[in-house]
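Enquirer: If you scroll down you'll find the structure; I have some questions about it.
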Amino acid sequence: MIKRLILMVTAAALLLGIAPAALAQEQVFSGIHAGLTLPEGVYQTVLTPANLEANAAFIQSQGGTAEAWQADFAARGILLQAYDTQNDRVLVVSALQDVDAQQLFDINAHTSAERAKYRTAHGASGAYSVLGYRYDSVSWKNFPKVGRFLQLRYTYREGGEIVRRGYQRRTIRNGHTITVDMQVFGRQLTGKDNTALNKVFDTFTFSQILPVPPLPLTLDETSTAPVETGKSSFTMRGKTKPEASLRAVLISFGSSASKVFEAKANKAGNYTLPIELPGEDVYVMTLTVQSPGFDDISRSYNIHYQQGLLAAQISSAPPMELQGDTFTLAGSTTESGVKAVLTVNGKQTSANVGRSGQFSFEVDTSAEGAYDIRLVLSKKGLQDRVFQYNAQKALSEQAREAQLLAAALQPGYAELMASPNTFDGKLLRFEGTLIDKQNLTDTWVLRLAINKTDAGFSDLLVLTSEKDPGLPVNTKVRVYGTMDGMNIGQDAQGAEEVLPKLILSLMGAQ
């Protein structure tokens, strides 16, 4: 009897397009030669690229379509997406042949330095931060059966808002970046979420480890060409394929003359390439790395050489429109003993640049209005460098209304009709009901009634605006606008109608 009941429940689930947890425990990912086992009874719905159509009803309940999710699974390399609705968790397994996977193929085959470099890519300024991830815990662990995986804890943001949190295990193996991700929604992470991830990850296995093929050429620069310099020489250093050839071609903008510099990487792949600049000029330089049997790597550089130049770069410059209450102006210089002086709207701050050459100033941008920002870098014997910026902090709606309120006049309607020229060009304030609005090509024309009587609306104004103020007709509003003469039109009966006309500055609901 019990067996019959189980079969009936299973058949019903299949008819509804839902993959029951009891039937979907063993998961095999043939593309990466791996697999795992889901704990029985935990994940109510298990999606894979092969069963999305069968789960169309569930996907629709999540606000999507099977077709759209098919494309999303392919783009993100999702192999499995399993839902533990009881605990607000989603387990996602993905594998991507991204740039890291193409260059490294198997993280276990590389040095500790290379693994450290990959780990730091998950830092605050790494590649994953651009995608919205903020990792607060990143560490390698070498698991006995499956090799090295990063253990990660993160928050994920979209538009500045936290969408989810989670724990991840990530590696590069068999030519793929493989991630096992336990995602949590609408709450903080707990140790139980990590335990739930471990229950799955402990079953993760590779059925085959592919041999590492000849990897493409790479170029990791530890010392590169300067964008600008006051010295006639510099040295490029870094690491590439062992015994690869490096060739730098330097071309002068002023004379079109060229000069070639060559070097060869040692058996460990390390290289040193000294460059001599013939004279003060602007140069373009192309560096080419070659090794038999591999595609060349080429990089281009622009170099400005001027004797006595204090070389400096601004890495974080003020935008034209300031958004937050603070902004950090930051940069670097190749010189030591540099003094930096920042002036913001006449207020001066100074600092000595440290040995690292890095400098930064935090600017208070909480007040609305214009910001005149000037940074001067100076060192004895070198020419001062001056960076000038003009930025604007936009008024908030509340601040803008307060500013308008302080400046606006509030005449009576009879006074306005009797002496319209007195108020021409002045900012006025009125309260009333928005009774009509029309979009006439590139201008919105609105009508405001200051009073309402038993017979209808009276004391009308015409307002013009470049955009829809966003409030519906029959809304009680407060408006600020500049008097722009009288508007001559026709009323509903076709008679001439002369009404005060205002160019709208701000409209808000009462």
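Enquirer: Would you confirm whether any residue within segment 98-115 is among the hydroxyl-bearing types (Ser, Thr, Tyr), assigned by TED's automatic domain parsing to the domain that holds residue 180 and within 17 Å of residue 164 (Cβ to Cβ)?
Expert: No, segment 98-115 contains no residue that is among the hydroxyl-bearing types (Ser, Thr, Tyr), assigned by TED's automatic domain parsing to the domain that holds residue 180 and within 17 Å of residue 164 (Cβ to Cβ).
Enquirer: Kindly provide the set of residues from segment 229-252 that are outside any strand (DSSP E or B) and more than 30 Å from residue 378 (Cβ to Cβ), ordered by number.
Expert: 240, 241, 242, 243, 244 - these are the residues of segment 229-252 that are outside any strand (DSSP E or B) and more than 30 Å from residue 378 (Cβ to Cβ).
Enquirer: Let me ask something else. Filter segment 155-170 for residues that are farther than 23 Å from residue 192 by Cα and part of a strand (DSSP E or B) and give the result.
Expert: Within segment 155-170, 158, 161 meet the criteria.
Enquirer: Name every residue in segment 286-317 that is free of Cβ contacts under 8 Å to residues at least 60 places away in the same chain and in contact with a Gly (Cβ under 6 Å, 6 or more places away or on another chain), in order of residue number.
Expert: 315
Enquirer: Condition first: assigned to a strand (DSSP E or B) and farther than 19 Å from residue 505 by Cβ. Now tell me which residues in segment 415-432 satisfy that.
Expert: none
Enquirer: If the Cβ limit is 8 Å and pairs must be 6+ apart or interchain, which residue in segment 126-155 that is over 19 Å from residue 107 (Cβ atoms) pairs with which residue that is part of a loop (DSSP other than H, G, I, E, B)?
Expert: Listed by first residue and then by second, the contacts come to 129/123; 134/124; 153/189.
Enquirer: When the residues of segment 289-303 are narrowed to those that are polar (S, T, N, Q) and surrounded by 14 or more Cβ atoms within 10 Å (Cβ to Cβ), which ends up nearest to residue 252 (Cα to Cα)?
Expert: 290
Enquirer: Have a look at 226, 278 and point out the one that is within 30 Å of residue 377 (Cα to Cα), assigned to a loop (DSSP other than H, G, I, E, B) and within 29 Å of the chain's Cα centre (by Cα).
Expert: Result of the check over 226, 278: 226.
Enquirer: Also, I was wondering about something else. Kindly state which strands (runs of 3 or more DSSP E) lie completely within segment 295-352 and contain at least 1 residues that are closer than 29 Å to residue 366 by Cα and in contact with a Leu (Cβ under 9 Å, 6 or more places away or on another chain).
Expert: So the answer is 312-316, 326-333, 339-344, 347-352.
Enquirer: Taking residue 193 as the residue in question, decide whether it is in a strand (DSSP E or B), surrounded by 14 or more Cβ atoms within 10 Å (Cβ to Cβ) and in contact with a Gly (Cβ under 9 Å, 6 or more places away or on another chain).
Expert: no
Enquirer: Would it be correct to say that residue 188 is at pLDDT 95 or above and farther than 30 Å from residue 315 by Cβ?
Expert: Spelling it out, it is not the case that residue 188 is at pLDDT 95 or above and farther than 30 Å from residue 315 by Cβ.
Enquirer: Follow-up question, since we're still on this one. Taking segment 98-116 as the region of interest, how many residues are under 22 Å from the mean Cα position of the chain (by Cα) and surrounded by fewer than 16 Cβ atoms within 10 Å (Cβ to Cβ)?
Expert: So the count comes out to 2.
Enquirer: Separate question: The conditions are (1) at pLDDT 90 or above; (2) more than 30 Å from residue 229 (Cα to Cα); (3) aliphatic (A, V, I, L, M), and residue 367 fails exactly one of them. Which is it?
Expert: Every condition holds for residue 367 apart from (1).
Enquirer: Do the conditions hold for residue 334, that is, is it within 30 Å of residue 251 (Cβ to Cβ), within 30 Å of the chain's Cα centre (by Cα), touching a residue at least 40 places away in the same chain (Cβ under 8 Å) and surrounded by 13 or more Cβ atoms within 10 Å (Cβ to Cβ)?
Expert: So residue 334 passes the test.
The values are calculated or read from the model by the stated rules, or taken from the named source; none is laboratory data. Model, not experiment: these values are computed from the prediction. Because the Cβ atoms are built from the backbone with ideal geometry, glycine has one as well, and the counts that use them run over all protein chains shown.
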